[in-house]
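Just so you know, all these numbers are worked out from the coordinates, no wet-lab data involved. Since this is a predicted model, take the numbers as computed values, not measurements. We place every Cβ from the backbone using ideal geometry, glycine too, and count neighbours over all the protein chains shown.
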Amino acid sequence: MIIKPKVRGFVCVTAHPAGCAAHVQAWIAHVQSQGPIRQGPKKVLVIGSSTGYGLASRITSAFGSGAATLGVFFERPSEDGRPATPGWYNSIAFTQAARAAGLYAENVNGDAFSDAIKAQTIEFIKRDLGQVDLVIYSLASPKRVHPRTGIAHRSVLKPIGTPYTNKTVDADTGVVSDVTIEPASAEEIADTVAVMGGEDWEMWVEALAQAGTLAPGATTVAYSYIGPAHTWPVYKNGTIGRAKIDLERAARTLHTRLAPTGGRAFIAVNKALVTQASSAIPVVPLYIAILYRIMKAKGLHEGCIEQMQRLFATQLYNGNQLQLDREGRARVDDWEMRPDVQAEIARLWPLVTTENLADLTDIAGYRKEFLKLFGFGLSGIDYDADVEPHVLMP
Ligand code: NAD
């Protein structure tokens, strides 16, 4: 089958297995090029391990510190004549590369919010690893069926209190227009907190601890975003921001639970990047397109893998200490938030139009990165060649 990108709004409904594998290889090569991360994790559970920041954390653990990794994700497997979602191919490529390097790699594909997937994951740990010393929580999901109530909560990306109007770009067509987003209802706010807040992270750590599968001194980390004032109404001060406040609450609770054995729980605030999750947020893709242009010009640009390698190598491990902000968060959004970077964004933001989008922003880089998420546009891949879409998890 010849697989080409089919973009529908902010998703691409096809994915290329060889391209996804090349993308994973490039991330592995980056981590290897940075050298070993000393005193790193040895047995790692990554919840949300198939794409974005979770995949980058898994690759950094395995290829930076030689860790055994167990990945949990929710991906649609391939079928005869039908490509999988990219995280399926990424996980296959990662697993093959890790095992070829002599590293343990296992996968659980299913709903991480459910009791059944937690139980299955814990069985893997008991059978193969005994205990884990690092738990990465990197889920980004539009929906959570609550395991106790059975209620299906759906997250929304909306402002709170008042409508919000700002510029946005349709990354596919390049049209810049004003978008007005109506404020969320109280129920939508609560639903978003239920999906993207900290309760499920707490449930995971509790289940792991109860089963005796959490090593003494274990670390757990979840990811957040803050960003600049342009995006606050729809991000930091919006529904997703409320969920992130709840994630920070969970970090404090978990830290109190883990600290007596020398463990730690914290939030890392990461940079805005093109991922399947971020491309769905209004306004944010335009911000990212401007941000990429400025950070690339200043030699500060990083992708998910550079971010996670830096987090592990300069804060979490390697004989380093976490450098926490006043709220107790590790910050790898520090370069994004540099005053000179943000001043340049504030200058460009009002000037951007459909006509000058290509000159004032790195929309080309945004599109390239977006297609790469699905395995397209990787060098060395012949996209006109026949490729087998149906690939089984090893
Ligand atoms: P992503 O969409 O690339 O990855 C999400 C992962 O979660 C995938 O592995 C997916 O399979 C998994 N997943 C989703 N629903 C699941 C379910 N029900 N059960 C099991 N697995 C499930 O997202 P991302 O952008 O890497 O986001 C990860 C975290 O990083 C989020 O907390 C996000 O808020 C945060 N973050 C993202 C950015 C950004 O710009 N992308 C910036 C800072 C922080």
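Filter region 327-341 down to the residues that are more than 16 Å from the ligand (Cβ to nearest atom) and either among the aromatic types (Phe, Trp, Tyr) or surrounded by 12 or more Cβ atoms within 10 Å (Cβ to Cβ) (or both), then identify the one that is farthest from residue 302 (Cα to Cα).
The residue in question is 328.
If a residue has to be among the hydrophobic types (A, V, I, L, M, F, W, C) and within 14 Å of residue 294 (Cα to Cα) to count, how many in region 321-346 make the cut?
Residues meeting the conditions: 6.
Of the numbered conditions (1) within 12 Å of the ligand (Cβ to nearest atom); (2) within 16 Å of residue 392 (Cβ to Cβ); (3) among the hydrophobic types (A, V, I, L, M, F, W, C), residue 112 fails exactly one; give the number of that condition.
Among (1) within 12 Å of the ligand (Cβ to nearest atom); (2) within 16 Å of residue 392 (Cβ to Cβ); (3) among the hydrophobic types (A, V, I, L, M, F, W, C), the lone unmet condition for residue 112 is (2).
Looking only at region 68-121, which residues are over 17 Å from residue 213 (Cα atoms), charged (D, E, K, R) and surrounded by 15 or more Cβ atoms within 10 Å (Cβ to Cβ)?
Selection gives 75, 111.
Within region 99-164, which strands (runs of 3 or more DSSP E) (wholly inside it) include 2 or more residues that are in contact with a Leu (Cβ under 6 Å, 6 or more places away or on another chain)? Walk me through how you get there before you give the answer.
Working: elements: 105-109, 132-137, 143-145, 152-154.
In region 99-164, the matching strands (runs of 3 or more DSSP E) lie at 132-137.
Across region 356-385, what is the total count of residues that are charged (D, E, K, R) and touching a residue at least 60 places away in the same chain (Cβ under 8 Å)?
Residues of region 356-385 that are charged (D, E, K, R), as a first pass: 359, 362, 367-369, 372, 382, 384.
From the residues that got through so far, the ones that are touching a residue at least 60 places away in the same chain (Cβ under 8 Å) too are 362, 367, 369, 372, 384.
So the answer is 5.
Which condition number in (1) within 12 Å of the ligand (Cβ to nearest atom); (2) under 17 Å from residue 135 (Cα atoms); (3) not polar (S, T, N, Q) is the one that residue 106 fails?
Status for residue 106: all satisfied but (1).
Please determine whether any residue of region 353-363 is outside any loop (DSSP other than H, G, I, E, B), more than 16 Å from the ligand (Cβ to nearest atom), charged (D, E, K, R) and under 26 Å from residue 245 (Cα atoms). Before you say what the answer is, go through the steps one by one.
To start, the set of residues in region 353-363 that are outside any loop (DSSP other than H, G, I, E, B) comprises 357-360, 363.
Filter once more, keeping what is more than 16 Å from the ligand (Cβ to nearest atom): 357-360, 363.
The next check asks that each one be charged (D, E, K, R); those that pass are 359.
Remaining after also requiring under 26 Å from residue 245 (Cα atoms): none.
No, there is no match, as no residue in region 353-363 is outside any loop (DSSP other than H, G, I, E, B), more than 16 Å from the ligand (Cβ to nearest atom), charged (D, E, K, R) and under 26 Å from residue 245 (Cα atoms).
What are the residue pairs meeting all of these: first residue in region 199-222, first residue under 17 Å from residue 133 (Cβ atoms), second residue of a type in the set (Ser, Thr, Tyr) and part of a helix (DSSP H, G or I), Cβ atoms under 8 Å, and 6 or more apart or on different chains?
Correct list of pairs: 216/261; 217/261; 218/261.
Could you say which residue among 288, 267 is among the β-branched types (Val, Ile, Thr), touching a strand residue (DSSP E or B) at 6+ places or on another chain (Cβ under 8 Å) and within 10 Å of the ligand (Cβ to nearest atom)?
After ruling out the rest, the residue left standing is 267.
Please work out if residue 76 is touching a residue at least 60 places away in the same chain (Cβ under 8 Å) and out of contact with any Lys or Arg (no Cβ under 8 Å at 6 or more places or on another chain). Reasoning before the result, please.
Values: touching a residue at least 60 places away in the same chain (Cβ under 8 Å): no; out of contact with any Lys or Arg (no Cβ under 8 Å at 6 or more places or on another chain): yes.
No; evaluated as a whole, the condition is false for this residue.
This table checks each residue for (1) under 27 Å from residue 164 (Cβ atoms); (2) of a type in the set (Gly, Ala, Ser); (3) away from the ligand (no atom under 15 Å from the Cβ); (4) not in a helix (DSSP H, G or I).
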| position | (1), (2), (3), (4) |
| --- | --- |
| 192 | yes, no, no, no |
| 209 | no, yes, yes, no |
| 233 | yes, no, yes, yes |
| 242 | yes, no, no, no |
| 300 | no, no, yes, yes |
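Among the residues in region 49-63, are any of a type outside the set (A, V, I, L, M, F, W, C), touching a residue at least 12 places away in the same chain (Cβ under 8 Å) and surrounded by fewer than 24 Cβ atoms within 10 Å (Cβ to Cβ)?
At the first step, the residues of region 49-63 found to be of a type outside the set (A, V, I, L, M, F, W, C) are 49-54, 57-58, 60-61.
Checking the rest, the ones that are also touching a residue at least 12 places away in the same chain (Cβ under 8 Å) come to 49-54, 57-58, 60-61.
Imposing the further condition that a residue be surrounded by fewer than 24 Cβ atoms within 10 Å (Cβ to Cβ) reduces the set to none.
No - not one qualifying residue is present in region 49-63.
Which residue, of 71, 64, is within 13 Å of the ligand (Cβ to nearest atom) and not in a loop (DSSP other than H, G, I, E, B)?
That would be 71, the only listed residue that is within 13 Å of the ligand (Cβ to nearest atom) and not in a loop (DSSP other than H, G, I, E, B).
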